[in-house]
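The values are calculated or read from the model by the stated rules, or taken from the named source; none is laboratory data. Here the structure is a predicted model, which means the values were calculated and not measured. Because the Cβ atoms are built from the backbone with ideal geometry, glycine has one as well, and the counts that use them run over all protein chains shown.
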């Protein structure tokens, strides 16, 4: 199943949440501009230098070129470089350096023209089609399909035959031919934000469509358009030069393509004639492609941090004290402390952290200890960023790759899965347990079923692999499980695809999957959060009934005290990665000792007088925007 | 309670009459999908109508129809005596002074590319307010929702979920509207954050006399904040009345199920509620069977 992938995403998400308050409250957030980030990137600055130099040479060509582009010195053909002709001359005695400069002018202008035409057609059409959809989109899709099915080169040849050898006409034609790439890019980008709530909010504010597109939608399209233009300009140069190379250009104009063709004819006599235009083209096109990449990097904020993280990680890895590695590679695992073997799961002083860019480790779970016995349900309660999911994932061994166990141990049924001193969860030990003895019920039922396979297939395959039963046997068991989890028509659900069943049904299927291999421990991560309240009640009933019948241990991660009261025997409350309080469900819910637990319980709406303030005091809040209302600095 | 009594004597701020919303089907000549059937609600000045129902019940669609974001197939949406069910964009612009929205997801309801100050100034600019005056108003708004003034030059991603929801509330308040449609505004928030944001909604109503159409799937939230409650089920309103009555002693079988399905934070009372729920389900089951037999 896709569990592991999804859970990695989930935990990455909860990491993000954990990090948020910090970035939000620091107050000294520096946002560098895109330009500054571009200039900091060596690739960006190199490509910019190349392109600016070439552009400057092209503009200044009439001033700095020693000769006219077509000035021919018949007495000095195919000459080697000397002090007068610094790059030599071609077969007609024309100065290569001068022609290269004038050629740059024409080549760059034609690339700009081509990109300009393509943008002028593709961008507005894409914006309109993406934003309004409907008939315009349908028609323009047809036009685009026709344009894309045309053989470009043949069209260009035909146009050349009809209108004569003009660089400008062929580049306009090529711009039209290539405009679908802008159209598609724009339309897709617009479609992805068209239904965003902030666009709806702008509509409610009464903004005209034009202002909405300009303010809220164009900003999404801008970056990809710039990147695309860098690529398109490169393609335009290549195509234009290709046409010239074939001899279809204007023979009176110097372009890189014509020079390439000239050099090709004389390749045995003067190979350097081929070198110069080829070099100019390679530099220009390469510069454009690199610039595109650099702009993309500069626009994507996160990219940088990720790279640095990786590097920091690599150094951290190399500086990890040797003993830790030695311990990890050791074959035999230390025995657990005597007298604790009977606990199904025991977590001792667990710490989980993520290496940061500056080399420090950000702890998301810190010094957490608890245990779960057979036939017992432990609830882990906390708000987002409290580390409750990270704790659950470290028991499952599904932490993201860059996560580190920074302290403590985890033992399952008398054996360590994380021995004291390990800095990673041992996948070797856990992969034998996961799915067989430890199973997992995720939060989002729909995203944890693969839409490409039937529900039956997704239930049968793990059983065949893990239990080693035959397919027919597994099918029988799957149908029985589906009946057990309260599905009225198991046969039909078995043959259905995930999108054909409701969210509550999908969660029942996942619960069936979780108990299919008769586990000892089930870890349920917010198993009812995505469900309707009435469905939640049914799923809770199901979980309780199965847990009692199979006598399994359950770790239930949730933020809902109602769910805790409904299911759990014991509760652990977490805040900012630490375990605040642990006890039986009655103790914690009725007489919480810690102020944090008391605050959480006070925030519950059940039993409160409607229309009264919950946490802020009415008196102080009356003075508009009082301090009592301000979000506490976490 | 007094607010709702006053409002029932005057003509209501918003009244929705026999509203039907249908979405055209994607398939050729197929029957359109009916999202709302024959909806009738009213909201008075300074009153909160809570709208509760499960996912797909049409509660969000009703909010969107009032805002002009969902197509009105039949019926009327009357705001301050004018039918706004098919208002043009220009009429909407005038209307936006009085009718605003707070969406569920504080992560996608704010444009990530705009600074908080620009987001808050947008509705002010549409109404033609000068930039200097708009800036002053933005500061007032931030103060009103309990955010620091230096938030103006920050981007949405620098804020937590609760703080973003405060920004979204500030944007809705910018033009001092008479009615705010709140579409699950606290569902994405943590428990303690939810409590603070609910306090904020109540405080704002006390200070400004604004009315709310408060959409939520959570009966506890709706009970806490509403004067009256309407329960939606399969695109229809199945029950409507004073919050105390609907959320404590409901008549419709669905509302009864909903009430007993929401768990209470005490193991023994929850066990009691669970037993009550099972009894109710068994009763309702046998009733439908009897009805089936009679029919």
Of the residues that sit in the stretch A:548-581 and are part of a helix (DSSP H, G or I) and surrounded by fewer than 21 Cβ atoms within 10 Å (Cβ to Cβ), which one is nearest to the other protein chains (Cβ to nearest Cβ)?
A:548
Going by what's in this entry, would residue B:147 be described as crowded, with 23+ Cβ neighbours inside 10 Å and either more than 24 Å from residue B:67 (Cβ to Cβ) or more than 7 Å from every other protein chain (Cβ to nearest Cβ) (or both)?
yes
With respect to residue B:257, determine if the residue is surrounded by 24 or more Cβ atoms within 10 Å (Cβ to Cβ) and within 8 Å of chain A (Cβ to nearest Cβ).
no
When restricted to A:211, A:179, A:192, A:145, the only residue in a helix (DSSP H, G or I) and surrounded by 19 or more Cβ atoms within 10 Å (Cβ to Cβ) is A:179
Can you give me the number of residues within the stretch A:528-543 that are part of a helix (DSSP H, G or I) and facing chain B (nearest Cβ under 9 Å)?
8
Kindly indicate whether residue B:165 is part of a loop (DSSP other than H, G, I, E, B) and under 26 Å from residue B:220 (Cβ atoms).
no
For the stretch B:108-121, how many residues meet the condition of being within 10 Å of another protein chain (Cβ to nearest Cβ) and part of a helix (DSSP H, G or I)?
2
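Matching residues to (1) more than 27 Å from residue A:393 (Cβ to Cβ); (2) at pLDDT 85 or above; (3) not in a helix (DSSP H, G or I):
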position: A:431; (1), (2), (3): no, yes, no
position: A:440; (1), (2), (3): no, yes, yes
position: A:443; (1), (2), (3): no, yes, yes
position: A:473; (1), (2), (3): yes, yes, no
position: A:476; (1), (2), (3): yes, yes, no
position: A:479; (1), (2), (3): yes, yes, no
position: A:487; (1), (2), (3): yes, yes, yes
position: A:494; (1), (2), (3): yes, yes, no
Take the residues in the stretch A:450-470 that are part of a helix (DSSP H, G or I) and out of contact with any helix residue (DSSP H, G or I) (no Cβ under 6 Å at 6 or more places or on another chain); name whichever of them is surrounded by the most Cβ atoms within 10 Å (Cβ to Cβ).
A:458
Among (1) on the phi < 0 side of the Ramachandran plot; (2) buried (at least 24 other Cβ atoms within 10 Å of the Cβ); (3) at the interface with another protein chain (Cβ under 9 Å from one of its Cβ atoms), which single condition is residue B:175 missing?
(2)
Exactly one of B:164, B:228 is touching a helix residue (DSSP H, G or I) at 6+ places or on another chain (Cβ under 8 Å), at the interface with chain A (Cβ under 10 Å from one of its Cβ atoms) and at pLDDT 90 or above, and that residue is B:164
Give the stretch B:192-206 a look and list any residue that's free of Cβ contacts under 8 Å to residues at least 40 places away in the same chain and either assigned to a strand (DSSP E or B) or surrounded by fewer than 21 Cβ atoms within 10 Å (Cβ to Cβ) (or both), or say none.
B:192, B:206
Check whether at least one residue in the stretch B:122-141 is over 29 Å from residue B:262 (Cβ atoms), at the interface with chain A (Cβ under 8 Å from one of its Cβ atoms), without any contact (Cβ under 8 Å) to a residue 60 or more places away in the chain and buried (at least 20 other Cβ atoms within 10 Å of the Cβ), and report yes or no.
yes
Which of the following residues is within 27 Å of residue A:110 (Cβ to Cβ), in contact with a helix residue (DSSP H, G or I) (Cβ under 6 Å, 6 or more places away or on another chain) and without any contact (Cβ under 8 Å) to a residue 40 or more places away in the chain: A:185, A:177, A:248?
A:177
Hey, can you tell me all the residues within the stretch A:398-422 that are surrounded by fewer than 19 Cβ atoms within 10 Å (Cβ to Cβ) and assigned to a loop (DSSP other than H, G, I, E, B)?
A:400, A:401, A:402, A:414, A:420, A:421
Could you please let me know if residue B:251 is touching a residue at least 12 places away in the same chain (Cβ under 8 Å), touching a helix residue (DSSP H, G or I) at 6+ places or on another chain (Cβ under 9 Å) and either under 25 Å from residue B:162 (Cβ atoms) or more than 12 Å from chain A (Cβ to nearest Cβ) (or both)?
yes
Somewhere in the stretch A:187-203, is a residue closer than 18 Å to residue A:116 by Cβ and modelled with pLDDT of 90 or more?
no
For the stretch B:5-107, please list each of the strands (runs of 3 or more DSSP E) lying entirely inside it that holds at least 3 residues being within 13 Å of chain A (Cβ to nearest Cβ).
B:48-52, B:99-102
For the stretch A:529-547, give me each residue that is crowded, with 18+ Cβ neighbours inside 10 Å and touching a strand residue (DSSP E or B) at 6+ places or on another chain (Cβ under 9 Å).
A:543, A:546, A:547
When you scan the stretch A:70-85, do you find a residue that is assigned to a loop (DSSP other than H, G, I, E, B), touching a helix residue (DSSP H, G or I) at 6+ places or on another chain (Cβ under 6 Å) and surrounded by 14 or more Cβ atoms within 10 Å (Cβ to Cβ), even just one?
no
Report, by residue number, each residue of the stretch A:236-252 that is modelled with pLDDT of 85 or more and crowded, with 19+ Cβ neighbours inside 10 Å.
A:236, A:237, A:239, A:240, A:241, A:243, A:244, A:245
Test for residue B:231: is it buried (at least 18 other Cβ atoms within 10 Å of the Cβ) and either part of a loop (DSSP other than H, G, I, E, B) or touching a residue at least 60 places away in the same chain (Cβ under 8 Å) (or both):
yes
